[in-house]
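Working notes, structure below.
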Amino acid sequence: MLKRNPLVLGNKTLKDVSDDICAPIERIPSKEWMGLFLGAKGLFIFYILTIAMVISTGIGLLGVNHPVAWGTMIITFVFWVGIGHAGTLISAILFLFRQKWRTSVARSAEAMTVFAVATAGIFPLIHTGRPWLDFWLFPYPNQRGPLWVNFRSPLLWDVFAVSTYATVSSVFWIVGMIPDLATVRDRAKNAIRKKIYGALSFGWRGTAKQWSHFEMIYLVLAGLSTPLVLSVHTIVSFDFAVSQLPGWHTTIFPPYFVAGAIFSGFAMVITLMTLVRIGFPEFKNYITIDHMEVMNKIIMMTGLMVGYAYGAEFLIAWYSGNDYERYVFMNRAMGPYAWSYWIMVSCNVLVPQLFWFKKIRRSIPIMFVVSIFVNIGMWFERFVITVTSLHRDFLPSNWGQYAWSIYDTAILVGSFGMFFTIFLLYLRVLPAISIAEVKPVLNVGKEDEHHGKGH
Amino acid sequence: MSNTENKIQSDNENRKIERDSTYWRSFEELNNTPEFQKSLQTEFMSSPLREESKDEGSETDGVARRDFLKLMGASIALTSAAGCIRRPVQKIVPYNKQPEEVTVGVSNWYTSSYFDGQEGLGLLVKSREGRPVHISGNPKFPLNGNGASVKAQASLLGLYEPNRLQKPFRNLFNEKRTNKETVGVSWEELDTKVVESLQKGGVAILSGNISSPSTKAVIGDFKAGFNADHYVWEPLADDVVEAQASSYGEAVMPGFRYDKAQMIVSIDADFLGTWGPTMTNNKRFADGRRNIDKMSRLVSFDSTYSLTGANADIRFRIKPSQQFDVVMGLISEIVGKVSVSDAVKTAVAPYNGIADKLGISAEAFKKVAADLVKNQGESIVVAGGIQTKTKDSMALQVAVNYLNSILGNDGKTVVAGAGNKNLTASFAQIKNLIAKMNAGDVKTLIIYRSNPFYSLSADLGFAEALKKVPTVVYSNDKMDETAVNAHYVATDNHALETWGDSEFATGVYGIHQPLIRTMYDTRSFQLSLMTWAYMAKVGPKRIQEFETYYDYVRNLWKTEMAAKVAGGKDFESFWNGFLQEGFVGELATTGSARTFKGDVSSLKKSQSSDATFELALYPTVNIGDGTLANIGWLQELPDVVTKIVWDNYACVSIKTAEANKLREGDVIELTVGGNKLSLPTHIQPGLHDQVVAVAVGYGRTHAGDVAKGIGQNAFTLAQGGLYAGLPVEFKKTGQKIELVTTQGHDSMEGRQIVVTATNKDIQKSKDANIHRHHTWNIWSGHQYNGHKWGMAIDLNTCTGCSACMTACQSENNTAVVGKKYVMQGREMHWIRIDRYYTGDVENASAVFQPLMCQHCDNAPCETVCPVVATVHSSEGLNEQIYNRCVGTRYCSNNCPYKVRRFNWFNYAKLIEKPMHMALNPEVLVRARGVMEKCTFCVQRIKEGKNKAKIEERPLKDGDIKTACEAACPTQTIVFGDLNDENSRVAKVFKAEPRAYELLEEWYAKPSVRYQTKIKNNDQVTPKKGGGHA
């Protein structure tokens, strides 16, 4: 029988697990954490101010123009929504497929999902010309006729898709945390702390009946989330695919976007987990090199999938015989934005090929660098799709360039400030690894235990 | 109106010579009744104060507190009303489609006219609640018709310019006679001082061309009174009129009948863009090409890339020194085919076979000559404009005149009798004036609407000469370059505040009605002259007699002019008819051939062609001589050929740029003689390799806030009135100035955008070169049961003059955003003219395409808007609902034509007062963050429909004209109802083989169809493989 690698290292007892995982919540924050947090928070405040400037002065502060009417905000929106996908994939789909290795990364991956979707969700709201009227995008009863929204518009589908996704993934995440929050509550020595975590754990007492209900609801929510992993980015891709712009109007977009989303999501998980391992060394026993290696394999696979999509797009553009589409793709690879295209291809297709080598797959510094490249590449993928398609379309008289401004940079960088602020806070106040899910897999891969217990 | 203004007004009213402010009052005043005199004592004519005072026999008391309060309330209300409604009270008669009085919300159209020193236009000016808001051509006017040049249309904005002077000024000078301080003065003070000075003798007047008989009469009377001299000079003056005088004994700018010509040869005469009556020329040129079976051929020898060159069927690039060679070469080619004297034969013999030297294919050159011979009496040869102001300018013109004479064109296509005799400006005159000033013979110089400090090159020494003039009086409405050097600025009215008349072609008189009472404490130049003559008690009776210029004009017409043109009608009805129609008189259509008195055999070329690079200065269509440089509409209007905005630049050819390693925007320093000027480079396809072309009219230092820092003054490169052919050197400075264009790319990339066919192609098949697509649909589409609006655009008659763009900007309140934002692609024009270069890049030819919202039946924008802010109307319009728009901009992304414009910032808030008065109240001013685009002038559609409904008749084709259509001099744009079988558009859509949809295969089903552009060059377009690209 094939020997399984243990999922948790260091011969942990059940108590050790609780102690280790609760440690970051219960101790005074380290200087490093404080430094990172203040930095992220500074960036977040800067981001808020930038948004305030943009809303008060006009979207014209950014580089969006005629003909490139969508820019940094939409690009970064798709980027962050994409990031979110790995979390749901890990927590829901892998749960349904009974992948036990997911337990130690699921919580953080899902937290990442919720925060990434929150970060992303701001963009569609602030990218409009009159953000104070954004509520018109929701079909609410009104006295204007009533005047309904346009159900034919992919942007409207987007509103539903993203808000559904945000809701379901938050609920899934919060529900999954209930037993752990109760653990934190039980360990609390401080009355206020006890109250807060008590409230958050919804009165969890750990009875068999509660466990039975919990597991059922968790399963149901996993079932609900699973199609969302596929549908959300499919619908985001419709924003492009349903339009008639060459370079956007492509049937390959839904699967291509989903693959890209998972690709970028896993890269972000790797980025965050390598950092978490450095910040909280006790987590190294739970988030092991094996975990990282598995995720690197997924990155490599999805990287090949997007690479295939890049190739397929060119093939179809040529095969279609459509001159406008042919031109758009030639222009991507050779036009004024060729640099962005080749950054995208290098980061997304070439760099992940390093993971063919086991040594590299298991090297924390290398995988960190690769994951950063993938993040960059995936941002550029959206840049390439949005900007290069728009900037040279049908009538050459319209051709133009995106007028990148300092505000574009501020918005892009600032959004990381928001994400990291929330993520760092999360690491300090919520159990970053699922205690309740790790404990049952303590025995996996240990020879003195009888096999099959977990199966 | 503010209280201070009221104060000024009442002060004025109490003055003895009561002129300026009463200018706007009316009939009682003419009779000067005692009641009227009395009424002058009170500020408000209708004030009950006066009545009550009378009752009590006292002038001052008798007003109870409550009455006072009541009256105060009423007067505040009245003054604010008066502030809103600035309607001239003297009888101006609106165009015949108007209600009896001004109705709020209903616009009136008044006839008027416009003259920019070169071109005269008959206008219709739209007035809303007493504010002029839109200018378009008077369709009945025998010259320009529909067409109104961009400058004429944009002059509207000049009325509301914040930089316009609001009262008279006086400049104080230091010892060096440079401006120390500008102070306001009262008219009394100015008048007293000026009259004192005038009485010392030595009076001279400097002005531009004057086309108004009344102004000429006033100046004449003034000259008689003060024994003054009048000098006429224009910065853009050429030698056409002088050469006419020397060739035919008649100083006239002839009327060129481009509509009657089959063969037109232009040697650097940009008659479609900047030379002569351009709107008239455009109209006639298009008329000569509308019938595609018998369309004229335009051959252009072009040393800049002019609009005329861009419209040429065959364009040759030359350098300015070759202009004379071209004409002599043409004469030598036709010697033997038409009879010429032996002397001429000998004279032109050296020019035989000149084509090779000019770098032109000899065969093509011979064909031009052959075509001229073939079309004797039906051809035109023209040269003119400052592009021809080389040393040989006179010789060139004489040779051109000779060519026209021997071809039998004179009297047929070159009609002196229909020409303009008022374009008498010349450099000789200003040189005379400078000589007189230097000699100390000029004691008082009155400058009227002429800006020599800006537009006269320094070598002529005007500035130094002016220091020797003890009193300089300037009459204009800006504190411009010349104004700051004048002792007194007798601030002139804006043209829209002034009465006048015009004679733009012999025997055709136009009226110039004011549209608004003077907004500020200004006075027309004519009234200033009248006042000074009155105060000095000199001159004929009529200049002293009248208190307003209006009275003077009317009197002149009553006593002198009417006799010529009234045809025995009684004066009142004649006058009313005149005001209503906007013109009287008939345009001579033909004349008899005049005897050519010039001497061609002695014409010698003095201009050397040896210089490595030659300078060619040229005016642009939008900026012209720079007078209107402070008008944002004009600065933001893309240059008709280069499509660059907000700048001038040095154009060089592609080869020259490559040889000198110049890239677009590299700043080069030009040296002409001793003068240097640094300008960014523009690489211009189709330019002669030895030409550096620079636009004049930029680099205004005192034009106002808009023009400040825009471009460089290229007039400084001129030498003694020569603008072209001067040897120029340049070197790279290493700096770079970004040139901003509204067009991203100049090539059509082989796509079916502007379909071009040659006359030979068209002979074979009328729909030549159009690749049609089979399209089909799975749904039935929209049903249009009432009207279905559509537009047809004939690219064959579109000359790219851009009048439609300014018309649209004025009609639809589209914002001007400035250079920085145009650079970022944020210009707001709802209609634009795309210009593509075709053919060989070195010798590129150009095609134009007006593009606005196509109002697609399957509009891609409509489906993607999440909030239904853009919807399809039952009449086929694609409507944008500004109030509903949240600004996702998805519609713009999904628009294949990219005609939508987004309000990136709150542009409306930046409109400086009183510029807001130029806004059209019928069109919403868009807020920040909403998308906007062409509406097919939906407000005009509504107006037309309402009018038909009130008159209880069905809507007729042509009742509704969009702003672009109304302004188009060539009737390129036709708007109408596709459901009306007999409408012009429906006929084009159904039956015109040249009609095609832009991006037809994309199946948006646009409501606009274009018609093939035809190049009449006797070539055959080679077949491309595999249909269209």
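Observations, loosely collected:
- Residues of segment B:769-796 that turn out to be in a loop (DSSP other than H, G, I, E, B), out of contact with any Lys or Arg (no Cβ under 6 Å at 6 or more places or on another chain) and touching a residue at least 60 places away in the same chain (Cβ under 8 Å), as a count: 14
- Condition check for A:A106: more than 30 Å from A:Q244 (Cβ to Cβ), at pLDDT below 90 and away from every other protein chain (no Cβ under 12 Å): yes
Here's the yes/no breakdown for (1) within 30 Å of B:E545 (Cβ to Cβ); (2) in a loop (DSSP other than H, G, I, E, B):
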site	(1), (2)
B:A217	yes, no
B:H230	yes, no
B:E234	no, yes
B:V241	no, no
B:S246	no, no
B:E250	no, yes
B:F271	no, yes
B:G276	no, yes
B:D287	no, no
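- Considering only residues in segment B:727-740 that are in contact with a helix residue (DSSP H, G or I) (Cβ under 8 Å, 6 or more places away or on another chain) and crowded, with 21+ Cβ neighbours inside 10 Å, the one that is nearest to the other protein chains (Cβ to nearest Cβ) turns out to be B:V740.
- Comparison of B:G417, B:G377, B:G329 shows that the only residue that is at positive phi, out of contact with any strand residue (DSSP E or B) (no Cβ under 7 Å at 6 or more places or on another chain) and not acidic (D, E) is B:G377.
Yes or no, residue by residue, for (1) surrounded by fewer than 15 Cβ atoms within 10 Å (Cβ to Cβ); (2) part of a loop (DSSP other than H, G, I, E, B); (3) among the acidic types (D, E); (4) modelled with pLDDT under 90:
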residue	(1), (2), (3), (4)
A:D134	no, no, yes, no
A:L147	yes, yes, no, yes
A:N150	no, yes, no, no
A:L156	no, no, no, no
A:T167	yes, no, no, no
A:V171	no, no, no, no
A:P179	no, no, no, no
A:A182	no, no, no, no
A:I192	yes, no, no, no
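- The selection criterion, being within 14 Å of chain B (Cβ to nearest Cβ) and without any contact (Cβ under 8 Å) to a residue 24 or more places away in the chain, does not hold for A:S363.
Quick grid of which residues meet (1) in contact with a Gly (Cβ under 9 Å, 6 or more places away or on another chain); (2) surrounded by fewer than 21 Cβ atoms within 10 Å (Cβ to Cβ); (3) without any contact (Cβ under 8 Å) to a residue 12 or more places away in the chain; (4) in a helix (DSSP H, G or I):
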| site | (1), (2), (3), (4) |
| --- | --- |
| A:A312 | no, yes, no, yes |
| A:A317 | yes, no, no, yes |
| A:F329 | yes, no, no, yes |
| A:W342 | no, yes, yes, yes |
| A:N348 | yes, no, no, yes |
| A:Q353 | yes, yes, no, yes |
| A:V370 | no, no, no, yes |
| A:T388 | yes, no, no, yes |
| A:A403 | yes, yes, no, no |
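- Sole residue being away from chain B (no Cβ under 14 Å), surrounded by 20 or more Cβ atoms within 10 Å (Cβ to Cβ) and within 24 Å of A:T76 (Cβ to Cβ), chosen from A:V229, A:V236: A:V229
For every residue, the table says whether it meets (1) surrounded by 24 or more Cβ atoms within 10 Å (Cβ to Cβ); (2) over 30 Å from B:V864 (Cα atoms); (3) touching a helix residue (DSSP H, G or I) at 6+ places or on another chain (Cβ under 8 Å); (4) not aromatic (F, W, Y).
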residue	(1), (2), (3), (4)
A:M53	no, no, yes, yes
A:L61	no, no, yes, yes
A:A69	yes, no, yes, yes
A:W80	yes, no, yes, no
A:G84	yes, no, yes, yes
A:G87	yes, yes, yes, yes
A:L94	no, yes, yes, yes
A:Q99	no, yes, no, yes
A:R107	yes, yes, yes, yes
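- The residues of segment B:433-470 that are polar (S, T, N, Q) and within 17 Å of B:K223 (Cβ to Cβ), listed by number, are B:T444, B:S450.
- Residue check for B:A463: farther than 29 Å from B:E503 by Cβ, at pLDDT 90 or above and surrounded by fewer than 20 Cβ atoms within 10 Å (Cβ to Cβ): no
- Residue tally, condition at the interface with chain A (Cβ under 10 Å from one of its Cβ atoms), more than 33 Å from the chain's Cα centre (by Cα) and crowded, with 22+ Cβ neighbours inside 10 Å, over segment B:875-894: 9
- Count of segment A:425-440 residues which are assigned to a helix (DSSP H, G or I) and of a type in the set (A, V, I, L, M): 6
- Of the residues B:K1005, B:K933, B:K990, B:K949, the single one that is within 14 Å of chain A (Cβ to nearest Cβ) and over 33 Å from the mean Cα position of the chain (by Cα) is B:K1005.
- Flag not set for A:A410, criterion: within 12 Å of chain B (Cβ to nearest Cβ) and hydrophobic (A, V, I, L, M, F, W, C).
- For segment B:278-301, the set of residues classified as out of contact with any strand residue (DSSP E or B) (no Cβ under 6 Å at 6 or more places or on another chain), closer than 24 Å to B:T390 by Cβ and of a type outside the set (V, I, T) consists of B:N281 only.
- A:L221 falls short of the stated requirement of being within 14 Å of chain B (Cβ to nearest Cβ), modelled with pLDDT of 90 or more and crowded, with 17+ Cβ neighbours inside 10 Å.
- Helices (runs of 4 or more DSSP H) completely within segment B:931-997 that count 2 or more residues being under 30 Å from A:T128 (Cα atoms): B:938-950
- Residues that are surrounded by fewer than 20 Cβ atoms within 10 Å (Cβ to Cβ) and more than 14 Å from chain A (Cβ to nearest Cβ), drawn from segment B:829-853: B:G839, B:D840, B:V841, B:E842, B:N843
- Only one entry in B:Y534, B:Y509, B:Y552 is under 31 Å from the mean Cα position of the chain (by Cα), of a type in the set (S, T, Y), crowded, with 19+ Cβ neighbours inside 10 Å and in a helix (DSSP H, G or I), namely B:Y552.
- Which numbered condition B:T970 fails, given (1) closer than 25 Å to B:G273 by Cβ; (2) touching a strand residue (DSSP E or B) at 6+ places or on another chain (Cβ under 7 Å); (3) not hydrophobic (A, V, I, L, M, F, W, C): (2)
- Exclusive hit being within 26 Å of A:M292 (Cα to Cα), more than 14 Å from every other protein chain (Cβ to nearest Cβ) and either in contact with a Phe, Trp or Tyr (Cβ under 8 Å, 6 or more places away or on another chain) or charged (D, E, K, R) (or both), set A:M177, A:M112: A:M112
- Residues of segment B:854-874 that turn out to be surrounded by fewer than 24 Cβ atoms within 10 Å (Cβ to Cβ), more than 13 Å from chain A (Cβ to nearest Cβ) and touching a residue at least 40 places away in the same chain (Cβ under 8 Å), as a count: 2
- Test result for B:Y897, out of contact with any Ser or Thr (no Cβ under 8 Å at 6 or more places or on another chain), at the interface with chain A (Cβ under 10 Å from one of its Cβ atoms) and surrounded by 23 or more Cβ atoms within 10 Å (Cβ to Cβ): yes
The values are calculated or read from the model by the stated rules, or taken from the named source; none is laboratory data. Computed from a predicted model, the values in this text were never measured in an experiment. Reconstructed Cβ throughout: ideal geometry from the backbone, glycine too, with neighbour counts over all protein chains shown.
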